[in-house]
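The values are calculated or read from the model by the stated rules, or taken from the named source; none is laboratory data. All values derive from a computational prediction rather than experimental measurement. Cβ atoms come from the backbone with ideal geometry, glycine included; neighbour counts cover every protein chain shown. Each accessible area value is taken on the protein alone, full model and side chains, heavy atoms only, with ligands, DNA and RNA left out. Shrake-Rupley method; radii C 1.70, N 1.55, O 1.52, S 1.80 Å.
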Amino acid sequence: MSAATAVSAPHTTAEHKAAGKSARRTSPRNSPAAWEPPSGRPDPVDVVEQESASRVPELVPIRYGRMLVSPFTFYRGAAAIMAADLAGSPTSGITVQLCGDAHLSNFGVFASPDRRLVFDLNDFDETHEGPWEWDVQRLAASLEIGARDRGFAPKQRRAAVLATVRRYREAMRAFAGMTHLDVWYARMDVEEAVAGRAGRLSREDAKATRRLAEKARGKNSVRALSRLTEVVDGRLRIASAPPLIERMSDLLPDADAKALTDRIQVLLDQYLASLPDDRRRLVSSYRFVDMARKVVGVGSVGTRAWVLLLEGRDDADPLVLQAKEAEASVLEEHVGPSRYENHGERVVQGQRLMQAASDVLLGWLHTTGIDGQPRDFYVRQLWDGKGSADVATMEPDRLARYGEACGWTLARAHARSGDRIAIAAYLGSGAAYDRALAEFAERYAEQNDADFKALERAVDAGRLSVQPG
């Protein structure tokens, strides 16, 4: 069954289960194990270059430099390549709101609106409706590729993938038996996990989780203020660190200061219009101070990302926002256009649907960029108790347990938007799908290695310019 094929809409629990089980006939659970590169597969370097065409030209070499650090960092920037690779593969026909880039580094800790730390997905640039399998396959392959980067043995790599997919399957079966509201309220509370009330953590895991929680709690607008700003002539401003951070006034040196401020206020007004009334009142109480372009991530490098510094009661009451460019999801070519005209809104609505608790200041806007081109953006707090686990230091057992946390989290995100009963029935109680995904992950890791080497050759041949950053 292709990604575009949809199952008929069931009504009763029995019909939901029957729909899931019947999908096995057209899309056997072991089918991912037979994955092969599609016929006529495009040159991966061509795909990477095509993505770069709409990005800030002087920042593109930094993107290539970050992708070339390792096969895993390449994978992080290669969501478009994998989307095309999965587009022709069999699926159950059951769709959900996809993350679109559900690799293991796109999960992390952040502060919920009630200020408790939760573990959840944290990147939604590619979010779109589509087959649930694609997110699971991207997560599974990331465990295999990440484990290879760490030099783990084949059995250790396979164990991490199996643990991750098993946890997704078991969690989905658990969610299938829950009420709609219970699924909606479910979340992975970091403090409860550390205290032993949300599953058992080893001493090592508990210690690492506490460190992560402490680090995350320290990441807020006040911390961003100390890291990103300086005082010049008695006035606070964002400190330039080209090419990674460049103030708007440096990028447009000939612009009139008042005209520039007025232009930015128009952007803020557009953003405010996307917020609920109470949040609009909150953000309106701050005044604009400064704005700078900031390089972020790996796959996102070259897209326009702006940091906005606002001030509340005084200079000790900052609000630091990030406005990040939102282009069409890499999935759109394969599943059809988004129902949202503004891709910033697509990101925001997808995030709200998949996360257990989202940033209260999420919003979007549409504007004409400094290059004269129309662009969509989504806006969020730059730091709001955010923290990511250091996958590069994990030993095999801990990586497998981290994968389990990601698997549970992804299942909960999918259960909120898709037919969780049908997905659970399709997966079943056995390990058939787990084993198939482990085989798939190994095959795809080999393909990713080949694609990484292709990018290296393109750089060596002078086809692409690279800049560290």
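So here's what we get for this one:
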| quantity | calculated |
| --- | --- |
| Quotient of C-alpha Rg and 2.2 N^0.38 Å, computed over region 23-166 | 1.14 |
| Unit charges on C-beta of K, R, D, E only; dipole of the chain, Debye | 1600 |
| FRET efficiency for S429 and A328, using Cβ-Cβ distance with R0 set to 41 Å, rounded to 0.05 | 0.60 |
| Calculated on alpha-carbon atoms, Rg and Dmax of the chain in Å | 22.3, 71 |
| Projected label distance in nm at S54 and K258, using a 7 Å step from Cα toward the beta-carbon | 3.7 |
| Probe 1.4 Å, accessible area per residue of region 3-156, Å² | 36 |
| Those aspartates and glutamates that a straight Cα-Cα span of less than 20 Å connects to K453, excepting residues fewer than 8 apart in one chain | E36, D43, D46, E49, E51, D85, E144, D149, E442 |
| Whole-percent carbon and sulfur share, accessible surface of the chain, 1.4 Å | 50 |
| Within the chain, longest stretch clear of exposed trypsin sites (Lys or Arg not before Pro) (DSSP loop, no more than 13 other Cβ within 10 Å) | 340-462 |
| Centroid-to-centroid separation of region 46-72 and region 90-162 [C-alpha atoms, Å] | 22 |
| With all protein chains modelled, accessible area of D419 [1.4 Å, Å²] | 30 |
| For the chain, calculated [θ]222 nm from helices alone, where every DSSP H run of n ≥ 4 adds -39500 (n - 2.57) | -15000 deg cm²/dmol |
| Y185-Q156 FRET efficiency (beta carbon distance; Förster radius 45 Å; 0.05 resolution) | 0.80 |
| Scattering curve values for region 229-378, log₁₀ I(q)/I(0), Debye with Cα scatterers, q = 0.10, 0.12 Å⁻¹ | -0.38, -0.55 |
